[in-house]
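The values are calculated or read from the model by the stated rules, or taken from the named source; none is laboratory data. Small disclaimer: the values here were computed from a predicted structure and weren't measured. All Cβ positions, glycine included, derive from the backbone under ideal geometry; neighbour counts span all protein chains shown.
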Number of protein chains: 2
Amino acid sequence: MAKAQSDRFSTQQQSLADLAKALSHPARIAILEVLAARNVCICGELVAEMPLSQSTVSQHLKVLKEAGLVIGEIDGPKSCYCVDWSKLADAQSAIVTWFSKTDTLKANCC
Amino acid sequence: MAKAQSDRFSTQQQSLADLAKALSHPARIAILEVLAARNVCICGELVAEMPLSQSTVSQHLKVLKEAGLVIGEIDGPKSCYCVDWSKLADAQSAIVTWFSKTDTLKANCC
DNA sequence: CATCCTTATCGTATATATACGATATACGAT
DNA sequence: ATCGTATATCGTATATATACGATAAGGATG
């Protein structure tokens, strides 16, 4: 179920927006922080740390997984999630690049 | 009409999520790019450049204004928008800081 | 095999976002 | 004052997001 891609906007604009959307909920920020802070991938522990139900956490994890920011592996009856550092680095770089590009265009205003 | 702030998450997590939400639509990315590229603040020109109706553009502008990324001034019958570079810089810095913090926690995984 | 534990998905209710046309507002010009 | 232009807001329809309980699925364990 890939994104619709409305073709009204460029792929770059779309993908930056998609990335931002993945980060646009505090629960997902919090999940990433917890995942990053643990040296072992957890899952049930994640639910325990979050002020949300198990199903809701699972849903947020799905969003993060679809955005590629998180990797999920099934490990027996448990699932093991961890940050995809490579993708996260790409994300950061995309954001920084966009800001820089925008900043370069800086001009007088109002 | 300030944000609800659910208090389930920290203020930092919430504000980063809010920022991401403001950037989570390609139209708003595009608007920021156009505003940044012009050395004069525009508005109707903005609508002309966007594949969206005037009212929809105005709505996106409102979101950007509420997020503080854009400044809008009424100038006669026209409105004059421009990027709030200071806020944009703050935003970039907040994002970069978060990524750095997260990266510091980097640990072994799966 | 029956059962337990863990996690994903389903069903559903509610809220928010998105888009557009229509209308209101605000000002400049005539 | 009237008209025209430019922009914001309203009304509304539709889509997506969010949250949770309930249920299914998958493997471990007795």
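Summary table below
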| read-out | value |
| --- | --- |
| Which listed residue, of B:Leu69, B:Leu61, B:Leu88, is in contact with a Lys or Arg (Cβ under 6 Å, 6 or more places away or on another chain), surrounded by 15 or more Cβ atoms within 10 Å (Cβ to Cβ) and within 19 Å of B:Ala20 (Cβ to Cβ) | B:Leu69 |
| Residue in the stretch A:75-92 that is nearest to the other protein chains (Cβ to nearest Cβ), counting only those that are among the small types (Gly, Ala, Ser) and within 16 Å of DNA strand D (Cβ to nearest atom) | A:Ser79 |
| Which numbered condition A:Ser55 misses (of (1) farther than 24 Å from B:Asp7 by Cα; (2) surrounded by fewer than 20 Cβ atoms within 10 Å (Cβ to Cβ); (3) more than 11 Å from the chain's Cα centre (by Cα)) | (1) |
| Residue check, A:Asp75 modelled with pLDDT under 95, surrounded by 18 or more Cβ atoms within 10 Å (Cβ to Cβ) and more than 19 Å from B:Ala94 (Cα to Cα) | no |
| A:Leu69 being in contact with a Leu (Cβ under 9 Å, 6 or more places away or on another chain), modelled with pLDDT of 95 or more, farther than 17 Å from B:Ala91 by Cα and away from DNA strand D (no atom under 13 Å from the Cβ) | yes |
| Conditions (1) surrounded by 13 or more Cβ atoms within 10 Å (Cβ to Cβ); (2) within 13 Å of the chain's Cα centre (by Cα); (3) part of a helix (DSSP H, G or I); (4) more than 8 Å from chain B (Cβ to nearest Cβ); number of the one not met by A:Ile95 | (4) |
| Listing of helices (runs of 4 or more DSSP H) fully contained in the stretch A:4-74 that carry 2 or more residues being within 7 Å of another protein chain (Cβ to nearest Cβ) | A:11-22, A:26-37 |
| B:Ser6, sole failed condition from (1) modelled with pLDDT of 95 or more; (2) surrounded by fewer than 15 Cβ atoms within 10 Å (Cβ to Cβ) | (1) |
